[in-house]
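**Student:** I'd like to ask you about the structure that follows.
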Amino acid sequence: MSTLVIAGKEFKSRLFTGTGKFSHSLLMEEAVLASESELVTMALKRVNLRDEKDDILAHLTHPSINLLPNTSGVRTAKEAVFAATLAREALGTNWIKLEIHPDPKYLLPDPIETLKATEELVKLGFIVLPYIHADPVLCKRLEDVGVQAVMPLGAPIGSNMGLKTQEFLEIIIAQSNVPVIVDAGIGAPSHAALAMELGADAVLVNTAIAVSENPVAMATAFKMAVIAGRMAYEAKMAPLKKQAVASSPLTNFLN
Amino acid sequence: MKTFKELLSSCDWEETLQSIFEKTESDVLRALGNKKRDLEDFKALISPAAKPYLEQMAQLSSQLTKKRFGNTIQMYAPLYLSNECQNICTYCGFSMTNKIPRKTLTDTEILKEVAYLKSKGFDQVLLVTGEANKTVGVDYINNAIRLMRAHFSNISIEVQPLATEEYQLLIENGLHSVMVYQETYHKQVYKNHHPKGKKSNFDFRLETPERLGEAGIHKIGLGALFGLEDWRADSFFTAMHLKYLQKRFWKTKYSISFPRLRPHSGGLEPKVAMGDADLVQLICAYRLLDEDVEMSISTRESEVFRNHIVKLGITSMSAESKTNPGGYVVEKQSLEQFEISDERNTEAVVTMLEKQGIEPVWKDWENNWSDVKR
């Protein structure tokens with residue numbers, strides 16, 4: 001299985017995870033380790049950046065884990081840039097998952113503010129991974145201003161509905177020059193496997209693991225599904241046959 | 001777009017109440033089966049016809065809450081700054097008819113109370129005052145927010161309704177949320193319970209969430225005080241208010257609270273009783289109506305009730321609350337607004353949550369991200 005490279009950094013695992021909604025930080029840590037995820041996102045608003053013993057950060061100090069702070073909760077580009085700058089100072093990483101969702105109901109990303117913030121953050125030297133709607137044109141515009149990956153949604157965040165945006169994800173994957181990470185809505189390992197079979201470079205899963213009755217087992221299941229999906233994609237799947245092959249082909253006369 | 005006042009004035013209280021009581025089992029089943037539920041479904045879910053389906057509602061509510069909010073509960077503490085008040089409210093310990101010495105905290109006293117709450121781990125605070133515009137006006141509240149913003153990541157207030165520009169000023173200085181409960185949506189009954197003072201103006205209070213929305217507040221807390229009028233009708237109008245505001249101010253978050261009348265100095269008996277099963281039904285009905293609305297439960301409720309309700313739709317709770325200014329450290333015996341019921345300390349509440357596999361969340365915002373004046 002090929003290695004994923006984002007902004008020059010290699011990842012053996014194509015499963016990215018999150019830290020929210022777990023019943024306990026220790027359980028979150030066990031689930032993240034079981035997933036073998038190397039990129040873990042956490043909401044800056046939940047972390048106390050002034051506290052070195054912050055409970056969330058304390059459970060993520062493993063050599064295999066890279067932190068991907070996110071700006072969840074901000075409503076404008078201005079707030080996002082401010083939050084990212086604070087995160088860089090406090091956490092020593094210039095990676096940022098840009099999430100701007102002014103709509104607190106479905107947490108759908110604001111494309112206009114996201115593009116504005118990306119432009120500025122890239123200029124400030126950040127590695128920006130924006131959470132966006134599955135909008136192929138927006139993906140190209142973000143590529144133009146220098147994102148290192150795009151993170152289109154499969155369905156509203158936390159909905160577990162799967163790849164409701166599949167047709168658009170396929171266009172994005174076909175067109176993209178940067179890695180495509182399917183984020184949000186993935187509720188079952190089969191959804192993750194499908195995203196990988198379609199050619200997504202990685203998936204990000206949080207709610208489906210955190211809210212499961214057994215987060216550690218579910219993290220393992222997702223790990224396996226992502227590997228299976230990627231292997232299938234690289235192996236090139238057998239073509240889908242929608243009809244039988246005619247026994248008297250109409251084009252035989254050409255031979 | 002119509003204002004909420006216009007919308008409410010087109011509704012008849014008695015007809016609404018009757019339509020809730022006329023909901024049938026098949027209305028309830030339809031509401032339970034719908035993927036998205038509307039206000040008519042909500043009526044069915046709070047109706048007597050839904051009582052036999054309470055367990056099913058609780059199961060659904062629990063699942064939806066877990067999906068949206070995870071295995072977590074947000075923790076906050078109220079901080080009463082003053083019990084001075086020029087209103088007469090028949091149900092409130094702070095009512096000006098209650099001839100008891102009043103107390104307003106000074107800066108030094110506020111910081112002592114803050115230090116206590118911080119030592120308990122609180123990072124989200126709800127500032128509460130009575131309504132005394134000369135001594136506890138917007139300048140006093142603004143000063144308190146400025147004093148506190150270095151100490152708390154999230155500052156909410158529950159004070160008298162203010163003007164849009166006043167809210168804008170407080171937001172610039174670090175205010176995140178405002179709780180403004182209508183008490184009752186029945187205009188005449190409202191007048192009976194608020195005979196004197198600025199609070200007697202029903203419409204000004206009713207329009208407060210719209211002023212908050214215009215000011216760009218992050219979160220608005222709605223609710224009715226159960227006991228003044230029929231809880232079903234008041235809850236229906238609260239839900240209607242919520243749906244109206246969500247469509248008009250789509251960037252704002254909303255939370256619902258469920259205060260039931262509690263004993264206090266100079267007390268009032270509830271006109272319409274609301275039992276524990278009723279409150280569970282209501283909380284579950286809100287969750288089925290709205291997967292995303294936050295729901296808060298205070299220490300007004302008993303230990304046993306709170307231990308169980310945290311799994312059924314609630315997203316935030318207080319602990320160890322004092323409802324009198326200075327109640328934590330400075331002046332423990334000052335006049336309180338009402339008696340709390342769950343008197344456990346913070347540690348005991350946290351242990352209760354952790355035993356149930358729920359993580360208490362202390363911090364969920366950074367107040368210095370907003371366009372706050374620095």
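Bear in mind these aren't lab numbers, they're just calculated from the coordinates by the rules spelled out. All figures in this text were calculated on a predicted structure; none of them were measured in a lab. Here the Cβ positions follow ideal geometry from the backbone for every residue, glycine too, while neighbour counts run over all protein chains shown.
**Student:** Give me the compactness ratio for segment B:1-159, meaning the Cα radius of gyration over 2.2 N^0.38 Å.
**Tutor:** Compared with the compact-globule rule of thumb, segment B:1-159 sits at 1.46.
**Student:** Efficiency by 1/(1 + (r/R0)^6): what FRET value for B:Glu40 and B:Asn143, r their Cβ-Cβ distance, R0 = 45 Å, to the nearest 0.05?
**Tutor:** Approximately 0.45, to the nearest 0.05.
**Student:** Sort by residue number and report every cysteine in chain B with no other cysteine beta carbon within a distance under 4.7 Å.
**Tutor:** B:Cys11, B:Cys85, B:Cys284
**Student:** Still on this structure: Stretched out fully, how many nm does the piece from A:Lys53 to A:Gln166 gain, at 0.36 nm a residue minus the Cα gap?
**Tutor:** Length gained, A:Lys53 through A:Gln166: 36.6 nm.
**Student:** Give me P(r) over segment B:150-277, computed from all C-alpha to C-alpha distances, binned every 5 Å, as integer percentages.
**Tutor:** That works out to 2, 10, 20, 21, 20, 14, 9, 4, 1, in percent per bin.
**Student:** Take the Cα atoms of segment B:242-339, build their convex hull, and give its volume per residue in Å³.
**Tutor:** Taking the convex hull of the Cα positions in segment B:242-339, it is 140 Å³ per residue.
**Student:** Express the relative contact order of chain B as a whole percentage, based on alpha carbon pairs under 8 Å and six or more residues apart in sequence.
**Tutor:** Over chain B, the number comes to 25 percent.
**Student:** Between A:Ser64 and A:Ser190, what FRET efficiency comes out of the Förster formula 1/(1 + (r/R0)^6) with R0 = 41 Å and r the beta carbon distance, rounded to 0.05?
**Tutor:** On the way: r = 26 Å, r/R0 = 0.63.
According to the calculation, E is roughly 0.95.
**Student:** Hey, rough spin-label estimate for B:Asn192 and B:Thr164, points 7 angstrom out along Cα→Cβ, what's it come to in nanometres?
**Tutor:** 3.5 nm
**Student:** Can you give the angle from 0 to 90° between the axis of helix A:215-235 and the longest principal axis of chain A, with both taken from C-alpha atoms, to the nearest 10?
**Tutor:** Relative to chain A, helix A:215-235 is tipped by roughly 40 degrees.
**Student:** Evaluate the relative contact order of chain A (contact order divided by residue number), counting alpha-carbon pairs under 8 angstrom at least 6 apart; express in whole percent.
**Tutor:** It rounds to 18 percent for chain A.
**Student:** Turning to a different aspect of this structure: For segment B:84-158, what's the relative contact order in percent, using C-alpha pairs closer than 8 Å and at least 6 residues apart?
**Tutor:** 36 percent
**Student:** Also, quick follow-up: Just to confirm the filter: which trypsin sites (Lys or Arg not before Pro) across segment A:206-255 are DSSP coil and have at most 12 other Cβ within 10 angstrom of their Cβ?
**Tutor:** When the trypsin sites (Lys or Arg not before Pro) of segment A:206-255 are filtered for loop state and at most 12 Cβ neighbours within 10 Å, A:Lys236, A:Lys241, A:Lys242 remain.
**Student:** Report, as a whole number in µm² per second, the diffusion coefficient that Stokes-Einstein gives for chain B at 10 °C and 1.306 mPa s using the Kirkwood radius over alpha carbon pairs.
**Tutor:** Roughly 76 µm²/s, to the nearest whole number.
**Student:** Using 7 Å Cα-to-Cβ label points, what is the B:Lys112/A:Asp144 separation (nm, one decimal)?
**Tutor:** 6.2 nm
**Student:** Please work out how much length the chain gains when fully extended from B:Thr135 to B:Leu29, using 0.36 nm per residue of separation minus the C-alpha to C-alpha distance, in nm with one decimal.
**Tutor:** 32.8 nm
**Student:** Can you give the Kirkwood hydrodynamic radius for the protein assembly as shown, in Å, rounded to one decimal and based on Cα pairs?
**Tutor:** 26.1 Å
**Student:** Still on this structure, please answer the following. Using just the alpha carbons, could you tell me how many Å³ per residue the convex hull of segment B:174-217 encloses?
**Tutor:** 74 Å³
**Student:** What pairs in A:Lys223/B:Lys118; B:Lys43/B:Lys251; B:Lys103/B:Lys219; B:Lys112/B:Lys199; B:Lys67/B:Lys219 have C-alpha atoms more than 32 Å from each other?
**Tutor:** Correct reply: A:Lys223/B:Lys118.
**Student:** Hey, could you get me the Stokes-Einstein D for segment A:4-235, Kirkwood radius over alpha-carbon pairs, 25 °C and 0.890 mPa s, rounded to whole µm² s⁻¹?
**Tutor:** Here the translational diffusion coefficient equals 142 µm²/s.
**Student:** May I ask you to list the GluC sites (Glu not before Pro) in segment A:1-60 that are in a DSSP loop and have at most 10 other Cβ atoms within 10 Å of their Cβ?
**Tutor:** Loop-located and lightly packed - A:Glu52.
**Student:** Shifting gears a bit: Rounding to the nearest 10 and keeping the result within 0 to 90°, find how far the Cα-based axis of helix B:346-355 lies from the longest principal axis of chain B.
**Tutor:** Approximately 30 degrees, to the nearest ten.
**Student:** While we're looking at this one, here's another question. Quick one: angle between helix A:25-35 and the longest Cα principal axis of chain A, in degrees between 0 and 90, rounded to 10, please.
**Tutor:** Helix A:25-35 and the main axis of chain A meet at about 30 degrees.
**Student:** Same structure again: Can you give the calculated 222 nm mean residue ellipticity of chain B, where each DSSP H run of n ≥ 4 adds -39,500 (n - 2.57) and the sum is split over every residue, rounded to the nearest 500 deg cm²/dmol?
**Tutor:** Numbers: 15 runs with 150 residues, N = 374.
Estimated from H runs of four or more residues: -12000 deg cm²/dmol.
**Student:** Next up: In nm, give the distance between the simple-model label positions of A:His24 and B:Met1, each being 7 Å from the Cα along the Cα-to-Cβ direction.
**Tutor:** My value for the distance between the label points is 4.5 nm.
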